[in-house]
Structure formats: structure tokens, C-alpha cells
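Let me begin by presenting the structure, written as C-alpha cells, before commenting on it.
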Amino acid sequence: MNDKVLVFDTTLRDGEQSPGCSMTTSEKLEVARALAELGVDVIEAGFPIASPGDFEAVREIASAVGTHEGPVICGLARCNDADIDRAGEAIKPAAKSRIHVFLATSAIHRQFKLKMAKEEIVRRAVDGVKRAKSHVQDVEFSPEDAGRTELDFLTEVVEAAIDAGATTVNIPDTVGYCIPEEYAGVIRHLRQHVKNIDKAVISVHCHNDLGLAVANSLAAVREGARQVECTINGIGERAGNCSLEEIVMALKTRQALFGLTTNINTRRIYPTSRLVSSVTGLHVQRNKAIVGKNAFAHEAGIHQDGYLKNRETYEIMSPEDVGISRTELVLGKHSGRHALRERIAGLGYELSDEQLNRVFEEFKRLCDLKKEVFDADLEAIVTQRISASAEAPTWELVSIVGTAGNVCKPSASITLRRADGKEFKASEFGGGPVDAMFHALSKLTGVELRVTDYQVHSVTVGNDALGEVTVQVQQDDHSFRSRAVSTDIVTATAEAFVNVLNRIASIRAQRAEEPIGAARS
């Protein structure tokens, strides 16, 4: 049996039927070109009878993309002459073309939608295939809702369609009803009981109503199906279709198990996914397999540590294989020192173990305030900690509470811990919360400072953005500059002032002067 699985992409037909996903002709053409670059074998370009616009789109794609080197261009049609003739006209410019005819076969469709007996359905299926065959040699037939059709009748219809000239028979799970074992059994039954099955390619078209579209397609492939109908990002009617990127990467990643290949250039998967998302406005969920933002991202410290030691510990495929530049180690509260050190090194900083420990502590505090720590956040923390004195600080900020508003007098209440472990607290009023804080710090430490510059700017963006505070103060004949970062500006301001106080304490200690510590109680 052939070890090549054909990829039949229906993004432009079934995918476009997703609510809100309609595309203009120019957008369809852009996506079709991307699908051709991706290497799909068949592009189902649309349903030509549906509208004049759909007809023109299919015709343009057939003309522009349907070259001898390109994919087969396919048009969909119901089993009636008008549909089939319209599809034949639309795909005519393509060097390689196909008409895909369909007719429902399940009992519920026969009774309520078609109101047809089995014999009439077989006759119409045969007539439809023959009509399509008058336009093209490559004809695909689909017994719609095959997953809920009685096996003996499904066998009869498929055999008759192949006798009429169908070169591909598609077995759709139209409403996503089947489970893998059951669906595999349908394909197995057809291979065993359709006498002329060797004259046609078995195709599968699975919907995702129960989240089993890819699983069902893989089960069918193991039973001998050699064409999979799918869409980029899995878009399509209701819960969507079998996802192209998932079926292709499953076959590639587990090639030893399946023993099958495709013609897909997998490095074009991610760019094509982004294009379809942009054109349709249907955004890919973060945890979507293969192309989601989190697909190649790790935050847990254990995972990051394992990944950094050997990628295969937590990644079964390479991001580069699907067109993503690199794995992302997301820095968050679950991250460990190993990942933090790697990211810092990537930013161009080399830290001692002691410096890393101080940065790690600050990083963890920030993680409790932010969902994700960005490179700019990290650089702010690193530069702040590197510039701080490596000596044990005289003062440590324990807590700060500030009040401000147009109906109250601004105030600040600060608690500092001295190097000997003793804590001091002071509360003061001021012209604003920063002014009040400044007075409280002077009261606590007994150091008279004069602020000569005070700047605040945003390090990152968003509701949880880091703010950076830079202060410059004058004390006696010395000028001191310090900076601090926090998601809270008042806290960052207090930490910047405390950094200055510690530098003054360090200078005094080096001069054998009386160290700061005679705080006013």
C-alpha cells in the first residue's frame, strides 16, 4: 500500500463556512498561494454554485495557483447537473482539477432532509459522478454523514460511485459523531467489502464536535485511508475540522509508528496559520497544539531545567520544524534559577551566584504581582541589583503605606528594619505621598537629604507594567543617584530612597564615622 498520505485542504471551502470567517476573493487567493507553498496536494477552493463571488474566487485560484507544478484545484458540488456544471466551469483554468460531488446517505438525512429512498440515492450518486466525469477525470464522491450510515448501504453506495468513475471516495464524519475505534471500523469494513475499493483512494473528512477529528483521522489512516481532508487551524463548521497542522505533525513526529509521510513543507505551517488567523479574524487559542502561543513555551521550573539540559525531555518536536523561530522559556512564578540564569545570559549579563540569588528573590516577588515577566522587566531588576552594594544593607524596607487624594492630606507610613534586626516605624504628612515618604525616611534615619531630581517612567506596558523610579539626592557635599522598579510606583520610590540611605551608610562606615542607626523613635 502507498505510504504517502495526501493532504486535501478545505480551508477555503469548509473553513470559510465558520461564522464570521468569510473571505474576499483577494484574501482567498492569498491563502491559496500560501497553501501551495505549504505543499498541500489538493485545495478545495470553494463551492462555485453558492454565489457569483465564490465562483469567481474558485476560477481565479484555478488560474493563478493551479499550475502543473501546483496542487490540484477542487470545486464542491451537490449531485445535480447545475452544481456540477458550475464547478466544472470554475476549475477549468487549472492544469490539475477535481470535482467533489456529495450526497447524504444516513437514515436521518434520507428521511428528513432528502426524503429519498435508498435506491434513489444510489441512482443520483451514480449520475452525479458520471456528470462530473464529463468535465474532469479526477472525481471525488462523498456520502455525506457516512459516520451514521448503515454499513451495508454505505458499502453499496461507495461501490456504485467507484463503478461510475470516482477516483476518490471520501467517508465523512459530517457531525463529528464517531469515536476513533468506531470510525476505524468503518474504513476497515469498506476495504474488506467494497469489491472495487482498490480503484479509488479512500479519503476521510472528520469534524470536531466531540474533539476527536484528528484522532478519528489518524485511526482511519492506520486502516488504509490515504487522503485526509483538513483545514488550517482546524477552522470550519461548528467546532471545526481536522486540523492540518496536527494531523501532519502527528504523522511526522510518530513516523516510526505510522510509517507514513506527506508532501507538506512543515516549516511553512506557522506562517500559514498566522495568515489564516489574520485573514479570518479567528484567533488561535494560546494552548492550541502546534501553532498556539504556548505550544513551545515552558514556565514550570522543572520543565525549564529539563529542557535546558536536553530539549527532548519536554519537547517531542522542534519549533523550527513548524516555522517557529525558537522555544520560549516563559518567566513566571513557576520558573527556576536555571531558566532565569539562561535568560539573563541571553540578555548579555553575567552574574555571580550571590547576584543571581538577589535577582532571583526580586524576580519571585515580581512574579507574585505579574502573570509574565518580560525581558525589559528582567533587565530593570538585574541592573538595579548589580548597581546595589554587595555588602549587607544597613536598612531594609519592610512596608510602606501611602495615602493621597483631593479630600485628604497625603501621608506615608514606613517601617524599616535595621541590620541588627530591629524595626523602626514612622508616619508623616506631606504635599504628596512621595513628599510624605521622604519626611518619614528622614525622621527614621536621622539623615537630612535634599532631592535634586526625581523621575518615573514605565519599563513595560499593560495593567501590570513595571514602573522605574530614579532619584538623585544631595547629602552634605555628596550626590547620590539610585533607581528601583516595581509595579507600584510608591514602593519603587521608597526602595530607591532606601538604596541611597544604604550607600550613605556604607560610605560612613568606610570612613569609620558613626554609622546610621540612631533612628529617632
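Values quoted throughout were computed directly from the atomic coordinates according to the rules given, and no laboratory measurement underlies them. The structure displayed is predicted, hence computed values, not measured ones. Heads up, the Cβs are rebuilt from the backbone with ideal geometry, glycines too, and the neighbour counts pull from every protein chain shown.
General observations
- Backbone amide hydrogens, once placed in the peptide plane, bring Cys206 within less than 5 Å of Asp173, Glu229, Cys242, excluding anything fewer than 5 places away on its chain.
- Potential extension, Arg191-Arg267 segment - 0.36 nm per residue separation minus Cα distance: 23.9 nm
- Computed lengthening from Asp368 to Ala345, 0.36 nm per intervening residue step minus Cα-Cα distance: 6.0 nm
- Applying both filters, DSSP loop and at most 15 other Cβ atoms within 10 Å, to the trypsin sites (Lys or Arg not before Pro) of segment 167-214 gives Lys195.
- With the biggest extent put first, the Cα atoms of segment 6-280 measure 45, 44, 33 Å across the principal axes.
- The value of relative contact order for segment 177-278, using C-alpha pairs under 8 Å at least six residues apart, is 24 percent.
- Partner lysines for Lys309 [C-alpha distance under 28 Å; skip if fewer than 8 residues away on the same chain]: Lys252, Lys288, Lys293, Lys333, Lys364, Lys370, Lys371
- Where only alpha carbons of segment 395-510 are counted, the Rg and the Dmax (Å): 14.1, 46
- Residue by residue, segment 2-10 carries 3J(HN,Hα) couplings of 4, 9, 9, 9, 6, 9, 9, 8, 10 Hz when phi is fed to the Karplus relation 6.51 cos²θ - 1.76 cosθ + 1.60 (θ = phi - 60°); x denotes Gly or Pro.
- Loop-located GluC sites (Glu not before Pro) across segment 40-73 with a Cβ neighbour count of 14 or fewer within 10 Å are Glu69, with loop assigned by DSSP.
- The simple spin-label model puts a point 7 Å past each Cα toward its Cβ; for Glu448 and Gln255 those points are separated by 7.9 nm.
- Applying a DSSP loop filter and a limit of 13 other Cβ atoms within 10 Å to the trypsin sites (Lys or Arg not before Pro) in segment 75-115 leaves Lys115.
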